[in-house]
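Comments concern the structure below.
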Amino acid sequence: MTTKTSFFVRVIAVLFTIHCSLFTASAQGWPANYGGVMLQGFYWDGYADSNWTTLEDQADEMSQYFSLIWVPNSAYANALQNNMGYHPVYWFDHKSAFGTEAELRSMINTFKAKNVGIIEDIVINHRASVDGNWLNFPAETWKGETYQLTAADICQDDESKDNGFEPTGAQDTGKPWGGARDLDHTSANVQKNVKAYLDFLLNDLGYTGFRYDFVLGYAPEYIGLYNTATNPAFSVMECWENLNTIKKWIDGTKVDDVIQSAAFDFPMKFNINNAFSNGGNWSKLDNDNLTTQTGYDRYSVTFVDNHDTGRKGESPLYANVEAANAYILTMPGTPCVWLTHWMAYKKAIKKMIVTRKAAGLTNQSEILEKGVNGNGYYLIVKGQNGNVMLLLGDATAEINGYQLATEGTLYKLYVSDGIDLTAVQAIDKEESDFSAPDFCQVNDGEICAFFEAPASWTTVACWAWSSTQNYTTGKWPGATCTKVGTNNGKNVWKWTWDGKSYKPNTVTEMTPSGQPTNIIFNNNDNGNQTSDLDFKNGGYYNQAGALQGVVTGISRINADTNKAAVYSLDGRLVRTNGSLDNLPKGVYIMNGKKYILK
């Protein structure tokens with residue numbers, strides 16, 4: 001009797017466990033109490049930094065900090081260069097401007113082996129046609145079944161009707177999109193095609209979940225329909241709207257009264273811009289967002305900038321970007337770090353992420369205290385292993401019972417005593433393998449900087465300043481830079497200070513002194529610029545504004561320095577006694593510094 005009863009109990013327990021596992025695996029929009037951090041692995045036109053092989057090469061490093069990586073739409077869009085994929089033509093053919101399908105599969109599998117899920121940027125509101133023929137869509141076969149859209153699958157109010165075509169679908173259930181044909185999601189054939197496409201992404205290519213592009217283009221109920229049919233582990237919507245509209249869209253995805261998708265927290269993004277920008281207002285951080293709404297914090301994916309907001313004509317945050325990342329990495333919700341910021345502030349963001357994980361913060365962590373504090377802001381959030389306290393601006397607080405985890409310009413991040421910060425401290429020991437191109441030279445006493453510009457920038461200007469003076473004409477966009485060479489296919493520009501200084505916000509000259517504390521590179525006021533960057537003399541900045549290292553200065557001498565071994569520019573040991581006497585004319589390296597012999 002006892003044996004039979006025990007066996008019965010064990011069977012029931014196993015069945016119950018299986019049931020719970022299946023329930024947990026079902027589409028739930030976004031996991032509860034999720035402690036992962038996501039990386040947006042691309043920026044607009046960032047093909048070189050975001051191609052599949054480049055991302056895969058960084059898997060060892062990225063997997064230590066990120067649980068999810070959101071990548072661009074990988075479907076073929078009739079072009080393999082300079083195409084971000086937002087007007088896909090094919091759904092089952094995945095060669096793109098970011099690489100081949102084989103490279104895509106390899107990248108996904110490499111990250112998956114390291115427990116990192118890849119989130120696909122899917123575009124199902126609209127679809128482009130073959131050869132620019134408005135309603136000519138390709139027939140694609142997967143698992144022996146052919147999938148194709150017709151004029152009957154395009155909304156009848158699509159603009160193709162005004163250009164000699166006859167779409168015969170139902171009225172659009174959302175906002176129109178003028179760049180491609182609006183799909184009629186009430187159509188059974190559209191639903192069949194979309195479900196097959198999402199199934200292919202998850203179960204053939206190996207994606208973990210979806211970022212739904214432009215969900216305002218169709219009713220939110222279809223997100224619920226597609227997610228319950230295909231079961232992604234993660235789903236997040238781009239609903240670029242106010243708080244009430246985003247909550248409406250989240251609720252609109254419900255199936256059997258269960259939310260089926262998270263959403264990007266645009267209200268928080270708006271608050272961040274107002275609070276962190278130059279002359280901003282810290283009180284804006286008290287404005288509501290998804291993380292402050294009961295029941296919606298789980299479905300908030302927070303961010304500082306993305307590929308859209310960070311480009312011309314949108315709303316990039318140019319000031320205090322590092323501190324803004326500290327804010328999202330302390331708040332509830334799931335933080336999504338932008339690749340541009342990761343590249344520019346990698347060491348700082350690593351320490352923030354490790355601090356978040358050490359404290360056990362999740363998307364549903366409780367905000368214990370928050371508010372304006374003098375000319376600053378403070379925030380205390382309860383983690384599973386202790387509290388995290390963030391001080392922004394000039395905010396002060398009682399730090400008894402807390403230890404400093406990391407700090408930077410306008411922020412200090414503390415955690416409760418007892419939380420192990422060994423992993424945070426280890427990040428300080430990381431070394432850079434930076435090596436500047438040979439054509440980058442800093443002359444003796446020169447104040448300058450180098451910038452590796454995006455391919456689309458044909459000219460570059462520099463704006464450099466301190467709290468007391470401007471070093472670049474005093475009039476935006478600043479001083480013109482000089483192209484000095486090309487590195488890995490990217491033009492490198494140099495700014496050199498001409499020795500003149502100006503009163504802030506004027507063109508009035510003043511007696512020059514000191515060095516800049518900040519620097520901006522811009523496309524001669526064509527709307528593109530870097531963030532406000534910390535100035536380092538001889539600094540070499542990449543196109544994302546990331547300081548790669550400092551170019552070694554050059555001293556012109558003709559005598560013995562008696563310091564160390566002497567190397568040629570190509571790395572050959574020339575002498576061991578530190579003497580430069582009687583060496584041929586040229587450039588030599590000694591004690592990590594360049595010398596020119598003339």
| task | Among the residues of segment 363-386, count how many are under 25 Å from residue 262 (Cβ atoms), surrounded by fewer than 21 Cβ atoms within 10 Å (Cβ to Cβ) and not acidic (Asp, Glu). | result | 8
| task | Identify, from the list 289, 244, 271, 320, the residue that is over 28 Å from residue 208 (Cα atoms) and buried (at least 23 other Cβ atoms within 10 Å of the Cβ). | result | 320
| query | With respect to residue 265, is the statement that it is within 23 Å of the chain's Cα centre (by Cα), within 24 Å of residue 76 (Cβ to Cβ) and among the acidic types (Asp, Glu) true? | reply | no
| Can you spot a residue in segment 473-496 that is hydroxyl-bearing (Ser, Thr, Tyr), part of a strand (DSSP E or B), free of Cβ contacts under 8 Å to residues at least 40 places away in the same chain and surrounded by fewer than 22 Cβ atoms within 10 Å (Cβ to Cβ)? | yes
| task | Assess whether residue 281 counts as being open to solvent by 10 Å² or more (accessible area, probe 1.4 Å) and free of Cβ contacts under 8 Å to residues at least 24 places away in the same chain. | result | yes
| For residue 155, which of the numbered conditions (1) more than 30 Å from residue 37 (Cα to Cα); (2) in contact with a helix residue (DSSP H, G or I) (Cβ under 6 Å, 6 or more places away or on another chain); (3) crowded, with 20+ Cβ neighbours inside 10 Å fails to hold? | (2)
| Mind checking whether some residue in segment 104-124 is modelled with pLDDT of 95 or more and at positive phi? | yes
| task | Can you confirm whether segment 96-104 contains a residue that is hydroxyl-bearing (Ser, Thr, Tyr) and open to solvent by 60 Å² or more (accessible area, probe 1.4 Å)? | result | yes
| message | Yes or no: segment 126-137 includes at least one residue that is at negative phi, within 20 Å of the chain's Cα centre (by Cα), basic (Lys, Arg) and not in a loop (DSSP other than H, G, I, E, B). | response | no
| task | Can you run down the residue pairs with Cβ atoms below 9 Å, 6 or more apart or on separate chains, where the first is in segment 135-149 and among the hydroxyl-bearing types (Ser, Thr, Tyr) and the partner is outside any strand (DSSP E or B) and surrounded by 10 or more Cβ atoms within 10 Å (Cβ to Cβ)? | result | 141/92; 147/91; 147/92; 147/189; 147/192; 147/193; 147/196; 147/197
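Of a type outside the set (Ser, Thr, Tyr), closer than 30 Å to residue 44 by Cβ, in contact with a Leu (Cβ under 9 Å, 6 or more places away or on another chain) and in a loop (DSSP other than H, G, I, E, B): does that describe residue 536?
Yes; evaluated as a whole, the condition is true for this residue.
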| query | Only one of these conditions is not met by residue 162: (1) modelled with pLDDT under 95; (2) closer than 17 Å to residue 219 by Cα. Which number is it? | reply | (2)
| Condition broken by residue 272, with the remaining ones in (1) in a helix (DSSP H, G or I); (2) more than 18 Å from the chain's Cα centre (by Cα) satisfied | (2)
| message | Out of everything in segment 37-64 that is open to solvent by less than 10 Å² (accessible area, probe 1.4 Å) and either among the polar types (S, T, N, Q) or on the phi > 0 side of the Ramachandran plot (or both), what residue ends up being modelled with the lowest pLDDT? | response | 50
| Residue list for segment 387-415, filter: surrounded by fewer than 18 Cβ atoms within 10 Å (Cβ to Cβ) and closer than 30 Å to residue 31 by Cβ | 403
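Select from segment 297-308 the residues that are in a loop (DSSP other than H, G, I, E, B) and either crowded, with 20+ Cβ neighbours inside 10 Å or aromatic (Phe, Trp, Tyr) (or both) and list them in ascending order.
Applying the first criterion (in a loop (DSSP other than H, G, I, E, B)) to segment 297-308 yields 304-308.
Passing the criteria: 304, 305, 306, 307.
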| field | Selection count, segment 280-339, where residues are in contact with a helix residue (DSSP H, G or I) (Cβ under 9 Å, 6 or more places away or on another chain) and more than 24 Å from residue 360 (Cα to Cα) | value | 16
| message | Can you pull out every residue in segment 185-211 that is part of a loop (DSSP other than H, G, I, E, B), of a type outside the set (Ser, Thr, Tyr) and surrounded by fewer than 22 Cβ atoms within 10 Å (Cβ to Cβ)? | response | 206
| request: Collect the residues in segment 159-171 that are in a loop (DSSP other than H, G, I, E, B), in contact with a Leu (Cβ under 9 Å, 6 or more places away or on another chain) and open to solvent by less than 80 Å² (accessible area, probe 1.4 Å), keeping them in residue-number order. | output: 165, 167, 169
| The lone exception for residue 294 - which of (1) touching a residue at least 12 places away in the same chain (Cβ under 8 Å); (2) out of contact with any strand residue (DSSP E or B) (no Cβ under 7 Å at 6 or more places or on another chain); (3) polar (S, T, N, Q); (4) surrounded by fewer than 20 Cβ atoms within 10 Å (Cβ to Cβ) it fails | (1)
| request: Among the residues of segment 433-469, count how many are under 21 Å from residue 547 (Cβ atoms) and open to solvent by 80 Å² or more (accessible area, probe 1.4 Å). | output: 5
| query | What about residue 177, is it hydrophobic (A, V, I, L, M, F, W, C), under 17 Å from residue 88 (Cβ atoms) and either open to solvent by 30 Å² or more (accessible area, probe 1.4 Å) or not in a helix (DSSP H, G or I) (or both)? | reply | yes
| Can we say residue 430 is closer than 30 Å to residue 540 by Cβ and open to solvent by less than 50 Å² (accessible area, probe 1.4 Å)? | no
| query | Do any helices (runs of 4 or more DSSP H) lying entirely in segment 320-364 carry at least 2 residues that are touching a Ser or Thr at 6+ places or on another chain (Cβ under 6 Å), at negative phi and without any contact (Cβ under 8 Å) to a residue 60 or more places away in the chain, and which ones are they? | reply | none
| From the residues in segment 510-544 that are modelled with pLDDT under 90 and over 18 Å from residue 322 (Cα atoms), which one is most open to solvent (accessible area, probe 1.4 Å)? | 525
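The values are calculated or read from the model by the stated rules, or taken from the named source; none is laboratory data. Here the structure is a predicted model, which is why all the values come from computation and not from measurement. As a convention, Cβ positions derive from the backbone with ideal geometry for all residues, glycine included, and neighbour counts pool all protein chains shown. These area figures cover heavy atoms from the full protein model, side chains too; ligands, DNA and RNA do not enter into them. Shrake-Rupley method; radii C 1.70, N 1.55, O 1.52, S 1.80 Å.
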